[in-house]
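Colleague: Mind having a look at this structure? Questions to follow.
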Amino acid sequence: MIADLTDFRISSGPANARLARHSNVDTTSPHHTDHALMLAVRDGELDALGELFERHHGPLYGYLGKLTGDRLAAEDIVQTVFQRMLKYRHTYRDDGSFTAWMYHLARRCAADYFRKHNAAPAATDPADLQEYADARPNAGDEAGISDDHAFLHRALNRLDRDDREILLLSRFQELSFAEIAGILECSVGAAKVRAHRALRELRDVYFQLQKEKTT
Amino acid sequence: MNCVQARDRFAELLDQRLEGPVSGDIRTHLASCPACQREFASLRDTLDRLDALPAAKPGPRLRANFYAMLEDEKRSAAAAAPVAARRRPTPGANVWRWILSPLAAGGLLALGFVAGHYSPQRTAPVTIPATSSPDQATQQELADLRKKVDSMTQLVGYSLLQQQPAGERLKGVLAAQNLTQDDDQLITKLISTLALDSSTNVRLTALEALYQHADKEVVRAGVLASLTREQNPLVQVSMIDFLVAAKDREAAPTLQEMARSDKFDRSVRDAAKRALVQI
Ligand SMILES: [Zn+2]
């Protein structure tokens, strides 16, 4: 596990090259890059992780909720991810990308979770789906939209876990495909092909579910 | 361009990360092929729905748990800090390395050189670790160093230059434990014996006697310094065991090197690897 973490490599894009390399930061300032904050954490300013948590736990939780189909599991995994950031802070690299690192850790933690629960995501609890639907502003206006969301959730959960994972990761515009490939430990070409295949699969399942509903 | 070729490249068309124009070939094909238009539209539609899928919001428990965990970690980091501070400028290891290094690979020639020509007054300043400032602690360190070198030459004179039989030297080690009141003097004797004695048996006995002083940094540093010049795998493994028992994290770089280097016996490399996990 430790080796996995320290071996994690991603090719830094030009965006990373611009990132601050100094970690003597005022961690209360909103203007620091994620990278600068994480370097500060690595150097012992643990409070800087609070700012990173505030910035990232929402999207990370949303991602894990969709990946696992289980809200409690998503909360546990987010907690574990930030715990590991602290524990393995010394392995964070000068030329790292914080977001890519975070999703790399999240992938490991989610894999642990799936191993323990030995599970494809549990059949989605309808109450969960309702909550997802309700989270949307103006929910309830059109029952059709929350229906749509429920179908899409169900379609997502029918995909292989790997397909769901790469598809969700590929929708994070702040992650480059090089970073996604780094997270998944495959080549950039393979990551692109797999993401597109997963999209076609999702489309097929989704429209199949729609068709079943109307007949 | 045919349909298969065009669809192979839909991923590029759908990926917003790509900047710049996508090849005109695909657009030309799409404009003229209703089947591919439908295929493309359905994928675009699915992606739009996926992006529009609202993410659930975490409950308040998550934030509370996170900050509780962060506070825990800060407390334990603060508790560990004094230990780190105590260990950081560890002149102990440097002192021993300095004392032992001129005695490279054993041999009376080197020992004679030390006893006869090394003047600590002349050489000591060179060996002050670059990271230390010449403060009071360093002055003290220097004084200790001189004392050690003095007792070192005494020991060399006593146990090696006189070429006593190993049995006598062994007795010397054992007797020293009982007779010597002064811990510092005893430790100096034991470590010097560990580093220099030609008998495996005597070196192992000295190491054994050092266990009860393993909590002292100067002892751990002495064993570590001796390890780097020890040739016998049996003694090497015993020294590694000692460092593990003493939980000497300063030994990690040396152990890492040993674990990797094929200069060392397999049993030694394995012991170093195990030790790295345990310290
Ligand atoms: Zn076509």
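Colleague: Out of every Cα-Cα pair in the stretch B:164-278, what percent are more than 18 Å apart?
Modeller: 47 percent
Colleague: Another question, then. Please give the average number of partner chain Cβ atoms lying within 10 Å of the Cβ of each residue in B:41-52, rounded to a whole number.
Modeller: 5
Colleague: Please state, as a whole number in µm²/s, the translational diffusion coefficient that the Stokes-Einstein equation yields for the stretch B:3-52 at 37 °C and 0.692 mPa s, with Rh defined as the Kirkwood radius across alpha carbon pairs.
Modeller: 288 µm²/s
Colleague: Separate question: State the percentage of accessible surface on the stretch B:164-278 attributable to carbon and sulfur atoms; use a 1.4 Å probe and exclude ligands, DNA and RNA.
Modeller: Here it works out to 47 percent.
Colleague: Moving on to the next point. Along the stretch A:56-61, what does the Karplus equation 6.51 cos²θ - 1.76 cosθ + 1.60 (θ = phi - 60°) give for ³J(HN,Hα), rounded to whole Hz, x for Gly and Pro?
Modeller: 10, 5, x, x, 5, 5
Colleague: Something else: What whole-number distance in Å separates the alpha-carbon centres of the stretch B:212-247 and the stretch A:51-96?
Modeller: 41 Å
Colleague: Before we go on, tell me the buried accessible area for the B/A pair, both chains summed, 1.4 Å probe, in Å² to the nearest 100.
Modeller: Looking at B and A, the buried total is near 3700 Å².
Colleague: Let me ask something additional. What does the accessible area of A:H32 come to, in Å² to the nearest 10, when a probe of 1.4 Å is used?
Modeller: Surface accessible to solvent at A:H32 totals approximately 50 Å².
Colleague: Does any residue of the stretch B:59-77 lose at least 30 Å² of accessible area with all protein chains in place compared with its chain alone, and if so which ones (probe 1.4 Å)?
Modeller: Those residues are B:R61, B:L62, B:R63, B:F66, B:Y67, B:M69, B:L70, B:E73, B:K74.
Colleague: Still on this structure, I have one more. Heavy atoms of the protein only, probe of 1.4 Å, neighbouring chains included. What is the accessible area of B:C3 in Å², nearest 10?
Modeller: We get 50 Å² for B:C3.
Colleague: For peptide A:164-174, what's the mean number of Cβ atoms from other chains within 10 Å of each residue's Cβ?
Modeller: For peptide A:164-174, the averaged partner shielding equals 2.
Colleague: Suppose accessible area is computed on protein heavy atoms with a 1.4 Å probe; arrange A:H196, A:H90 from highest to lowest.
Modeller: Correct descending sequence by accessible area is A:H90, A:H196.
Colleague: Continuing with this model, one more query. Working with all protein chains in place, sort B:D262, A:D76 by solvent-accessible area computed with a 1.4 Å probe, largest first.
Modeller: Values: B:D262 130, A:D76 85 Å².
Listed by decreasing accessible area, they come as B:D262, A:D76.
Colleague: Under the definition of partner shielding as Cβ atoms of other protein chains within 10 Å of a residue Cβ, what is the mean value for peptide A:85-94?
Modeller: What the average comes to for A:85-94 is 1.
Colleague: Okay, moving on. What spacing in nm lies between the two simple spin-label points modelled at B:A79 and B:N65, each 7 Å away from Cα in the Cβ direction?
Modeller: 2.2 nm
Colleague: With a 1.4 Å probe and all protein chains kept in place, how much accessible area does B:L174 have, in Å² rounded to the nearest 10?
Modeller: Answer for B:L174: close to 80 Å² accessible.
Colleague: Here are some pairs, A:K66/B:K74; A:K192/B:K273; A:K66/A:K116; which of them have Cα atoms lying more than 29 Å apart in this structure?
Modeller: Checking Cα-Cα distances, A:K66/B:K74; A:K192/B:K273 exceed 29 Å.
The values are calculated or read from the model by the stated rules, or taken from the named source; none is laboratory data. Every value quoted in this text rests on a predicted model; they were computed, and no experiment measured them. Every residue, glycine among them, receives a Cβ derived from its backbone with ideal geometry; neighbour counts consider all protein chains shown. Protein only, heavy atoms only, side chains kept; ligands, DNA and RNA dropped before computing areas. Shrake-Rupley method; radii C 1.70, N 1.55, O 1.52, S 1.80 Å.
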